[in-house]
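What follows is a single structure, written as C-alpha cells, with notes after it.
Read-outs throughout are calculated quantities, based only on the coordinates presented, and are distinct from any laboratory measurement. As the structure is a computational prediction, the values presented were derived from the model and not from experiment. Here the Cβ positions follow ideal geometry from the backbone for every residue, glycine too, while neighbour counts run over all protein chains shown.
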Amino acid sequence: MTDPGVSLTNVTRRFGSRDREVTAVSDVTLQTRKGSFLSLLGPSGCGKSTLLRMMAGLDAPTTGRITVEGLSPHNLRLGQKYGIAFQDHALLPWRTVRRNVEFPFTLAGRPVERDWVDELLSMVGLEQFEHARPWQLSGGMRQRVAIARALALRPSVLFLDEPFGALDDMTRQHLNFELQRLWSEQHATTVMVTHGIREAVLLSDHIAVMSARPGRIVDIIDVDLPRPRRLADMSSPEFHHYVDRASELLFAGTTERHAS
Amino acid sequence: MDIDDGGSEMTDLPRKVRSVRIPRRAIISFLSAAATLILVLLLWQVIITTSTISTYQAKTPIDVWRYLFVDGAAKPVSAADRRADLVPIIAVTVFHAAVGLIFGVTAATVGAIVLSLSSTARAMFLPIALVLQTVPLIAMAPVIFAVFGSGVLTAAIVAAIVTFFPLMMNIRAGLSSASPETIELVHAYGGGRRRLLWHVQLPAALPSLFAGLKIAAPATVSAATLYEFLFSFEGLGANLLTSKSYSNYPLLWTLVAVTVALALAAYALAALVERLVLSHRYPPTRTHPSRRGGAS
C-alpha cells in the first residue's frame, strides 16, 4: 500500500450509560489508499453514519484509532481538509446558490475563490441558478449545490452521507454518474455511506459491507471494474457479479442477526 | 449578519415570482384591512347613535373627524390649531414607544442569545422570567417608578417589560430552528460557537424575530401610553387623563382614536420592515399550496 487513505484500527463506538449501553460500531478495522473511493454499505441502523462521523471528527470512537491521510480526524476537521455532504442538503435558505457554495470559505475564514466557485457551479450545471435560493430549486438541484459546496475548499478527502438518499431513482442515478466524474477529476479520498447496492458497486473501489446491532464489517469487496463506469456497464455480467456478492453478504448479515 | 443581498440580480425565475405573487397578495390584504377599518368605524358610529349613552360623553367617528378637520367644532376654533396641538403629544408617545421598543428588542435578543449559549443561564433565568411575566405590569409599575423616577428611562423599562418575554421566546425558538445537519456542517469546517451563531442561528432567527416584532411594536405603544397615564404629564396617556378631567370629550375620543391608529401604524411598520428584509431571501410561508414547490 502506498499513501494511506482512511485507516481504522479496532474502532468501537458505544452510546449510552453503563447499564443501558448500545454498541453502534464494533471493532472495525480497515485501510484504503489515498484517492480511493470507499463505500460503507449496510441496512439502516448498522452504524455506517456513525463510522463516517467519527472519520470526519464529528464524533469520537470509544476505543480504537482512526487516521485519514495520516491525520487524526480532529486535525483533519480543524484544518478544513475535507468536504462533506449529508442526506439533508443542509443549505442555508437565505443564501443564494452561489453563496451557499461559498459558505465553507466563510466558515474557514478564507477569501472566496470566485473563479473556482464559477467552475464548480458549471461543473454541477447550476451556473444559471447562482442567484436563486435553495427553496426555489428541485431536490436534485439542491443536492448538486451540496456537492459543489463539499468541493469548495478543494478538499483531498470527501465524506458523503447518503448524499442522494432522499432523491428519486432517476435523479439519483444521474447524479451518481456526475459524482463519478467529479470524483475522478478531484482525486479525493472518498468515503460514502449508502444502502444502495448498485450505487455502491458503480462508484466504489472498495465496499465495506456492514451488518447491524452491533455495527460491524461483514466483508470488504474490492470492485475491480474499469473506469469510467458507464450506464451500459451496469448490465454487464461483471457488474452483476459484484451486486450479487454484496447482496449475499448483506443478506447473510441480516439472517445471522435473526438467528442469534 | 449573514444575510444575502442578491435581490437585485435575480434570474428570470424569481423575477417572475416577484411580479405575479406579491402584488396580488398585497392588494388583497390592503382591501381586507380597509374593509375591516370601515366596518369598525361603522359599528362605532351605529352603536353610539342608536344607544341611550349621552352624546355629550360618547363621541362618534364623525365627531372625531369634526374635531380634527372642521373649524369651529371645538375650541380652539381653528381645526389646524387643534391638530397642531396634537403633534407634540403624539411625538412624545412615539418617542417613548420607539425607545421602549429598541430597549425591548435589544434586551430580548441578548437574552435569547445568552439562553441559547448557556444551559446554566436557562436553568437560572427562565423561571425568574416566567414569574416576572405573571406579575401584572400595573403592580410592577409603581416599583419601577420608585426606583427610576419619571422620565424616558422609566418609559423604556415599562415598554421593555411588556415586549421582552414574548420577543425573547420567539427569538430563542428561531435560534434553535437550524437543522442538526447545518450545525454539523459548521463543525465540519472547523467553525465554532461564534460562527454558528453569526452565520446560521441569527439569520435563521430573523423570521421569528419579525413575528415577535409585529406583536411587540403595537404593544410598546400601549406600554408607552400606560407609562404616561400613570407617571407623566406628557404624551397621549397623560392627555387622555387630563382631557377626561376637563370633560373635553371630543379631545378624549380623538386621543383614543389617535392611540389606536398609532398602534396600528406600529404594526404596519414592523410588517413592512419584515417584508423588505425577508421576502425573496426566505421561503414564503403563506403561499397558496398550488404555488409551492418551486421550479424544477
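Averaging over all projection directions, the Cα-based convex hull of region B:56-278 occupies 14.6 nm² in the image plane. If you take the charge dipole of chain B about its Cα centre, with +1 on Lys and Arg Cβ and -1 on Asp and Glu Cβ, which of B:L115, B:I128, B:H280 is farthest toward its positive end? The one lying farthest along the dipole's positive direction is B:H280. Take each residue of peptide A:102-114, count the partner chain Cβ atoms within 10 Å of its Cβ, and average: the result is 3. Eigen-decomposition of the gyration tensor built on the alpha-carbon atoms of region A:76-169 gives equivalent ellipsoid semi-axes of 19, 16, 11 angstrom, largest listed first.
For the listed peptides A:124-130, B:221-227, a ranking on the average number of other beta carbons within 10 Å per residue, highest first, reads B:221-227, A:124-130. For the listed peptides A:200-211, A:54-65, B:127-138, a ranking on the average number of other beta carbons within 10 Å per residue, highest first, reads A:200-211, A:54-65, B:127-138.
Using the Cβ-Cβ distance between A:D3 and A:S138 with R0 set to 35 Å, the FRET efficiency from 1/(1 + (r/R0)^6) comes to roughly 0.35. Rounded to the nearest 20 debye, the dipole magnitude of region B:56-278 is 200 debye, with +1 charges on Lys and Arg beta carbons, -1 on Asp and Glu beta carbons, and the Cα centre as origin.
This model, with +1 at the C-beta of Lys and Arg and -1 at the C-beta of Asp and Glu, gives the protein assembly as shown a dipole about its Cα centre of some 1020 debye. Scaling the Cα radius of gyration of the protein assembly as shown by the globular reference 2.2 N^0.38 Å produces a ratio of 1.31. Can you spot the lysines whose alpha carbon is less than 29 Å from B:K59's alpha carbon? Ignore those fewer than 8 places along the same chain. Within the straight-line limit of under 29 Å, B:K59 reaches these lysines: B:K75, B:K244.
Using C-alpha pairs below 8 Å separated by at least 6 residues, the relative contact order for chain B is 22 percent. The order of the peptides B:115-125, A:19-29, B:235-245 by mean Cβ neighbours within 10 Å, most packed first, is B:235-245, A:19-29, B:115-125. Taking every DSSP helix (H) stretch of at least 4 residues in the protein assembly as shown, weighting each as -39,500 (n - 2.57) and dividing the sum by the residue count yields a mean residue ellipticity at 222 nm of -19000 deg cm²/dmol.
When the protein assembly as shown is described by a simple charge dipole with +1 on each Lys and Arg Cβ and -1 on each Asp and Glu Cβ, the residue from A:M234, B:P218, A:H89 located farthest towards its positive end is B:P218.
Between A:S44, A:M54, A:G79, the Cα set farthest toward the positive side of the dipole of region A:24-94 (charges on each charged residue's Cβ, about the Cα centre) is that of A:G79. Using C-alpha pairs below 8 Å separated by at least 6 residues, the relative contact order for chain A is 25 percent.
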